[in-house]
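> Sharing a structure below in structure tokens format, with a few things to ask.
The numbers here are math on the coordinates, done by the rules we state, and not lab data. All values reported here derive from a predicted model rather than from experimental measurement. Please note: Cβ atoms are built from the backbone with ideal geometry, for glycine as well, and neighbour counts cover all protein chains shown.
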Amino acid sequence: LFKWSDLRDQVCGKVEIDLKLLKSKTSVKGKGRNGKWYNNSSPHIKYFWQMMERMSNEERSQVIFFAWGRTRLPPNKGGFERNFELLACPKAYAGGRKPDDFLPIAHTCFFQLELPEYSSVDIMYKRMLTACAYCKEIDGDNDGAGRRAAAMT
């Protein structure tokens with residue numbers, strides 16, 4: 001017998017963003033500006049998880065929406081259609097650019113987040129909240145306007 005909250009979670013996903021579940025369904029891909037492959041020990045990947053741990057559940061939900069177009073995670077690993085991917089963001093350091101000057105870029109259809117190599121968790125937090133607040137359209141993932149909006153310079 002289901003309680004109403006159990007049924008809601010099965011149909012809509014859990015209201016509380018389960019970071020342990022998200023982390024278990026996350027892969028890291030790409031090479032950084034130093035030419036080395038990213039992994040879970042890369043500083044900005046660690047910053048991402050530190051940032052997520054510090055965030056309120058509402059802020060976490062905004063990050064999920066920014067990256068996936070949904071505000072909730074599935075109730076369990078089996079509910080994920082694909083893994084969450086943290087990707088390199090080469091535009092943020094090409095030509096000597098400073099990653100701290102860029103916003104993250106989301107590919108909602110693929111649950112991917114291009115994450116610049118921010119210099120601190122505080123800068124990442126500010127850039128992520130800015131992206132979540134001002135980039136609510138999920139239709140412009142791969143057009144020039146969407147890419148230009150991601151660059152803050």
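> Using only the Cα atoms of region 40-135, what are the Rg and Dmax in Å?
Taking only Cα atoms of region 40-135, I get Rg and Dmax of 13.1, 42 Å.
> Between Lys126 and Phe110, what is the label-point separation in nm under the 7 Å Cα-to-beta-carbon projection?
Here the modelled spin labels are 3.0 nm apart.
> Which whole-Hz couplings ³J(HN,Hα) result when phi for each residue of region 20-32 is put into the Karplus expression 6.51 cos²θ - 1.76 cosθ + 1.60, θ = phi - 60°, listed in order with x for Gly and Pro?
Ordered by residue, 3J(HN,Hα) equals 5, 5, 4, 4, 5, 10, 10, 10, 10, 9, x, 10, x Hz.
> Another question about this same structure. Given R₀ = 41 Å, what would the calculated FRET efficiency be for Trp37 paired with Ser5, taking r from the Cβ atoms and rounding to 0.05?
That pair, Trp37 with Ser5, gives E of 0.50.
> Report the gain in length on full extension from Val15 to Glu58: 0.36 nm times residue separation, minus Cα-Cα distance, nm rounded to one decimal.
14.6 nm
> Lysines within cross-link reach of Lys98: Cα-Cα under 30 Å, excluding same-chain residues under 8 positions apart?
Reachable lysines: Lys23, Lys25, Lys29, Lys31, Lys36, Lys46, Lys126, Lys136.
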